[in-house]
Structure formats: structure tokens, C-alpha cells
Amino acid sequence: LATTSIKHNTLAVASIVRYKQKYSTQILYAPL
Amino acid sequence: EQQAALESMRQFIKSKTSYDVLPVSYRLIVLDTSLLVKKSLNILLQNNVVSAPLWNSTKSKFAGLLTSTDFINVIQYYFQFPTKMDLVESLTLDGLRDIERAIGVAPMETASIHPFKSLYDACLKMISSKARRIPLVDKDLKTQREIVVSVLTQYRILKFVSLNCKEITRLNIPLKELNIGTYEGLSTVSMSTPVMDVIHLLTSRNVSSVPILSETQDGSQGTLINVYEGIDVLALIKGGIYNDLSLSVGEALLKRPEDFEGVFTCTLNDKLSTILEIIKKNRVHRLFVVDDQGFLKGVVTLSDILQYILLG
Amino acid sequence: STIAILPSSLPQLHRAYIMEHLTPEQQQVIQSKNLTPLSTKKSKTRWHFGIRSRSYPLDVMGEIYRALQNLGAEWSKPSEEELWTIRVRWKYSPAKPTVDADLDDFHKPEEEEEEPVSNTPDMMKMQIQLFQLEPNNYLVDFKFGGWEFSNPEENKAGVEGEDDEMSSFSAYPFLHMATRLIMELAVNS
């Protein structure tokens, strides 16, 4: 899991996921 | 020659899947629907994107795409219900469907497609749903939940075709003989038109840009001097100046970022071979057709080009 | 080719065009309306592995267990060798996923009838581990651990096509639970 520091009460987390033969860095932004 | 080139390009597009267009590694930004609309605007601008899929974490499923149309709806809502200013401030992405209902616009039907269906099918879906982008959706085998693998835009598809089909060099019939694009009934405005009226035109005419013509003393038609695009609305909201009724479209365009690449124009003598070359290297959203004095003749959108390549 | 960029649409020239058509008073008004170009300098998002902590390791572990408890998670008793690893299970049962008759319209209007899918696993597994980067500098990492059924009977079915599962799995439930835990930790601390 990758995270960023919380700014403006918003949190971003990410994980790199393999989809078949390609790699997607999926980033989710959510309110604190 | 052109017909043969088109046929060969169609075979190529049918032989590829949307998955093939994806880079080996890429980023996908997704927004939780409980985010404030204003916060999500900052996130889009910060990541240099104009759209993102939405994730409803209570239902654990995807809830469509956030696009500039949603921000245009918020501005329209504000002008229809000026007393609801505080609601606009506290509006979350969950509330965007209510905004659509309140101003009476149909919800953006987000057609999606499986990544391993042919690229040709994805293009047909986009053309029929008049969307400029299409989410690629698969299913998590274990939990049966949807996965948004990525979102393909018309621009990415045309760039992929331009890069991979050498036949584009044979598309040399000039636009004037192809009859692609819109040449009648174009809505135009002048620099002093209130930006609110321009935004209303974007919605009422269901277009993504409005050409701006110079003003003449005798009221005759002026030359093309700029264009207001749907994505310019993001800068308007970001600047917090959408509540200024008196703002002209010329003033609103002062918010455009310094690195804006400019409006692309062409003439009826141009051919798809050169247009696709330009798309290879520049983020072109559309081309405005002008004559040699700079008077507006029409507009060719990426939809028009895609539709012509696929269906003739 | 006669393809070109419309010079008057470039921001600098557009600004000059607007200013030359305004009276000095109107120019004043423009200045006051904050009509400066949107800054495109992107404050580079800095990403870290997991979440960092400078608290004592035992305090960190205590905070994590407390947060997990507040969120209703369960965990297996840590073994002697793995004191700094927590194997978590979360009941994850938001609205049941639906078998979209036609997968292709994932933004269905609410009124559509959607029959729930039976027997999808409702327990998400996660592994939380404390790492020491250097003295007084720790890292808590979260790792997705797959799905299970809360009803042990159904787990016996074995996981068909393990690798196949990993080739198309949605990270969003995992990312969502990670945000819940991080928020709980942030709020508590």
C-alpha cells in the first residue's frame, strides 16, 4: 500500500495491481 | 486509395482490443463518492486530469465517471437556485445525481465495455452514447465486483490508430470533399457575452466548446478569435468566480493556465493524413475550420473523425 | 497543410486582447476579480510505502489493535516469531454485488432491479506489518490477503484458480478498508 500525507482532510492511498500483462497503479482519494 | 486505406484501418481496429491500447503501466485515479465536489475538483487539477471514475464505498461499486459536464451542472444549479450557495459548498459527489434531477438534465449514461472486447466495439459504443470516453470494466473473479480497469478517451484511440496505422498517409482527400464535421447552425458568441450564457449553450446544445468571434462595427460576422471549452469551467469553479453573473467569457478565459496549447484551426483543403499526424503529437480536442480570412466555416471533432474512420 | 494554432487563443495574446479593449477602470475591476491564470504547478504528490510512525513499536501495535477493534475487525493470535505482524479478517458485506445482466452499463439508474449474487466471499483478509527503517523510524505496511467466507463450510471449496484470481482483482475494497484504518489511527492519535 502506498499513501500520501493527509492534506485538506483528504487521504490518498494506492496500490499497484497487475491486470493480465499490464500494471495499473490504482489511486483512491477519500475524505478523512 | 482512401477507401482501401480506411478498410485496412478498420481491420486493424477490429483486430485490436481496448486492452491493447493501455500502456504497460499506467495510473488510474478514482474518487470516493463521499468526497466534496470542490475537493474533487482540486484533485483533478492537481493530477492534470479532467475526469475520473467514481467509487461508492458503501455499495462497494463504481458509480459512473466524474466529467466537466458535472461541474457545468453544478454551475447551472447555482444560477437556478442562488439561495442554495451553501449547498454547493457542501455538495459531495454522491449529490451530483440530485443536481441533475434538480436542473432537469438526463443523467450521463456511462456506457462501459469489457477490456477484451474489440476496440471497434468500444468506438461504436462511444459514438452511439455520444460519450468522449469509455470506462473499461471487468469483474473481480472472486467477489463478482466490478473493476474499472481504465478509461479510454477518443483522443487516446485516435492517437493509437495514428501511431500504428501507416495507412493514414493515404488519407489525402481534402475535408471539403469528405463532408465530415459540422458546418451549419454553429452557436457562436463574442468576447463580451456573459460566461453564464456560454455555459448554458454548452448544455442546451450538448456541445463541448463554443467559438468566440470578433465584434465588428457593422454587425457583420467577425473572425474566429477564441473558443470557450467545457473544461474551462473547472478553472472558473477553482477560481471561485462562478458566482459573478457579470463576468464576460473574455474575462473568464483569463483563468486559462499559461501552458494552454491554443485552439487548432484548419481549412477545407486539409486532409485526414495531416490531421492525424497532428493528433499524434498534440493533445487536439477538435479543429475549427476557417477560410483564408479567418472566418469560421465549421468544426471537426474527434467524434467526427472516429465516426468517419469506422463507418465512412 | 493549413493546420495552425489560432494565435489570439494563446493565453498571453488573449490577455493583451482583453486589456486593450478595456477602459483603465475596467482594467482595475479585472485585477480585483482574481482573474489570474490557474497555476498549473503541480505540488508533486509524495508517495510513501505504508504509513510512517515515530512512536515506540509497542505503542504503534497497541494503536493498530485498538483501531482494528473499533472497526469491528478480527485477527488471529500472533505467533511468537511474528509479534510485529497482524493477520486481520474483516467482514466486508456492503450492498451485495449484482450480476449485471449486461455488464456494459455500470452506471445504471437506481430504479433498475438487480438480483444479488449468492455465495461471494464476505471476509477480506489483510496483513499489517511493522517494519523498522532506522532507529526511531518505523513503517506500517498493509497487504491484501485475499477473500474468505465467514461460513467455514464454504471455505472448504478451495480457491479455484488462485493465480487467475490475482489476474483480475479489484483493489478498491482493500484500498477502502485501508483508508478506514488510517483514518481511525489518524483520528485516535
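Among the residues of the stretch B:230-284, count how many are more than 26 Å from C:Gln27 (Cα to Cα), at the interface with chain C (Cβ under 7 Å from one of its Cβ atoms) and free of Cβ contacts under 8 Å to residues at least 24 places away in the same chain.
Number of matching residues: 2.
What pairs come out if I take residues in the stretch B:170-181 that are surrounded by fewer than 14 Cβ atoms within 10 Å (Cβ to Cβ) and pair them with residues that are not charged (D, E, K, R) whose C-beta lies under 6 Å away, six or more apart or interchain?
Pairs found: B:Asn172/B:Ser273; B:Pro174/B:Asn269; B:Lys176/B:Leu268.
For every residue, the table says whether it meets (1) within 19 Å of B:Asp98 (Cβ to Cβ); (2) not in a helix (DSSP H, G or I).
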site: B:Ala5; (1), (2): no, no
site: B:Ser8; (1), (2): no, no
site: B:Ile13; (1), (2): no, no
site: B:Tyr26; (1), (2): no, yes
site: B:Ser34; (1), (2): yes, yes
site: B:Ser40; (1), (2): yes, no
site: B:Ile43; (1), (2): no, no
site: B:Thr58; (1), (2): yes, yes
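Please tell me if B:Thr169 is assigned to a loop (DSSP other than H, G, I, E, B) and farther than 22 Å from B:Arg132 by Cα.
Answer is no for this residue.
Among the numbered criteria (1) in contact with a Ser or Thr (Cβ under 9 Å, 6 or more places away or on another chain); (2) surrounded by 15 or more Cβ atoms within 10 Å (Cβ to Cβ), which one does B:Glu215 miss?
Only one criterion in (1) in contact with a Ser or Thr (Cβ under 9 Å, 6 or more places away or on another chain); (2) surrounded by 15 or more Cβ atoms within 10 Å (Cβ to Cβ) is unmet by B:Glu215, namely (2).
Considering each of B:Glu89, B:Glu7 in turn, give the residue that is more than 13 Å from chain C (Cβ to nearest Cβ), out of contact with any Lys or Arg (no Cβ under 9 Å at 6 or more places or on another chain) and surrounded by fewer than 18 Cβ atoms within 10 Å (Cβ to Cβ).
Going through B:Glu89, B:Glu7 in turn, the sole match is B:Glu7.
Do we have B:Thr110 as of a type outside the set (A, V, I, L, M), surrounded by 19 or more Cβ atoms within 10 Å (Cβ to Cβ) and in contact (Cβ under 8 Å) with a residue 24 or more places away in the chain here?
yes
Does B:Pro211 qualify as being more than 7 Å from every other protein chain (Cβ to nearest Cβ) and within 26 Å of B:Ile309 (Cα to Cα)?
Judged against the criteria, B:Pro211 is a match.
Considering only residues that are β-branched (Val, Ile, Thr) and out of contact with any Leu (no Cβ under 9 Å at 6 or more places or on another chain), look in the stretch B:68-88 and name the one that is modelled with the highest pLDDT.
If we take residues in the stretch B:68-88 being β-branched (Val, Ile, Thr) and out of contact with any Leu (no Cβ under 9 Å at 6 or more places or on another chain), then B:Thr83 is modelled with the highest pLDDT.
The values are calculated or read from the model by the stated rules, or taken from the named source; none is laboratory data. Just so you know, these numbers come straight off a predicted model, no measurement behind them. When we count neighbours, we look across all protein chains shown, and the Cβ atoms used for this are built from the backbone with ideal geometry, even at glycine.
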